[in-house]
Amino acid sequence: MENNNSFNYFAYASNLKKSILEQRTGSKIQNYLQGRLLDYGFRFNVKNADGTARANIIVSESEDVFGAIYEIDNKYKETLLSTEPGYRLINVTIETETGNVPAFTFISDNDDENIYPSKDYLKSITEGAKEHKLPQEYLEFVVSMSK
């Protein structure tokens, strides 16, 4: 997917929803794949300015995170970074049906407990998960983490 003019971005939360990612970056997204990040776990442990939780990933050898890999033009990388305050980009390898794909994804060092996502934020994640046909069991797991 990736070439000299683009980068692969692994989305696992609200950016799973293609229309949200396009709105945030100002870019029309053309290529994407379903994928799985091995040895990381999904959490709602980053406190947003309004006190609600945002999604995050943590290193966890017994868990995996499902999501989508988007190919994004390099000129939108800084724009994407600016939409995720409190997070940083890391290099990861995503497992797909066609093999492993290098990508960037967001992670935060924050670890707030007993915070929960807003209904709208959770809805954007679940809609994105359905859009990319992520496993139903995983979708149920994400919803269970929000309570």
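The values are calculated or read from the model by the stated rules, or taken from the named source; none is laboratory data. Everything numeric in this text was worked out from a predicted model, so none of it was measured. Here the Cβ positions follow ideal geometry from the backbone for every residue, glycine too, while neighbour counts run over all protein chains shown.
Among the residues of region 36-68, the one identified as out of contact with any Asp or Glu (no Cβ under 7 Å at 6 or more places or on another chain), surrounded by 16 or more Cβ atoms within 10 Å (Cβ to Cβ), assigned to a strand (DSSP E or B) and among the polar types (S, T, N, Q) is Asn56. Taking (1) under 14 Å from Tyr32 (Cα atoms); (2) within 13 Å of the chain's Cα centre (by Cα) in turn, Val65 satisfies each apart from (1). The helices (runs of 4 or more DSSP H) found wholly in region 69-147 and carrying at least 2 residues that are without any contact (Cβ under 8 Å) to a residue 12 or more places away in the chain and polar (S, T, N, Q) occupy 136-145. Of the residues making up region 15-24, those that are surrounded by fewer than 22 Cβ atoms within 10 Å (Cβ to Cβ), of a type outside the set (A, V, I, L, M) and touching a residue at least 12 places away in the same chain (Cβ under 8 Å) are Lys18, Arg24.
I want to confirm something. Restricting to region 69-79 and keeping residues that are of a type outside the set (Phe, Trp, Tyr) and within 18 Å of Asn4 (Cβ to Cβ), which single residue is surrounded by the most Cβ atoms within 10 Å (Cβ to Cβ)?
Just the residues of region 69-79 that are of a type outside the set (Phe, Trp, Tyr), to begin with: 69, 71-75, 77-79.
Next cut, within 18 Å of Asn4 (Cβ to Cβ) only: 69, 71-75, 77-78.
Details: Ile69: 25, Glu71: 20, Ile72: 23, Asp73: 16, Asn74: 12, Lys75: 12, Lys77: 16, Glu78: 9.
Ranking the qualifying residues of region 69-79, first place goes to Ile69.
Here region 25-35 is the region considered, the condition is being closer than 22 Å to Val65 by Cα and more than 12 Å from the chain's Cα centre (by Cα), and the residue that is surrounded by the fewest Cβ atoms within 10 Å (Cβ to Cβ) is Asn31. Annotation: Pro117 fulfils all but one of (1) out of contact with any Ser or Thr (no Cβ under 7 Å at 6 or more places or on another chain); (2) buried (at least 19 other Cβ atoms within 10 Å of the Cβ); the unmet one is (1). In this structure, Asp109 qualifies as under 16 Å from Asn56 (Cα atoms), within 17 Å of the chain's Cα centre (by Cα) and either modelled with pLDDT of 95 or more or surrounded by fewer than 14 Cβ atoms within 10 Å (Cβ to Cβ) (or both).
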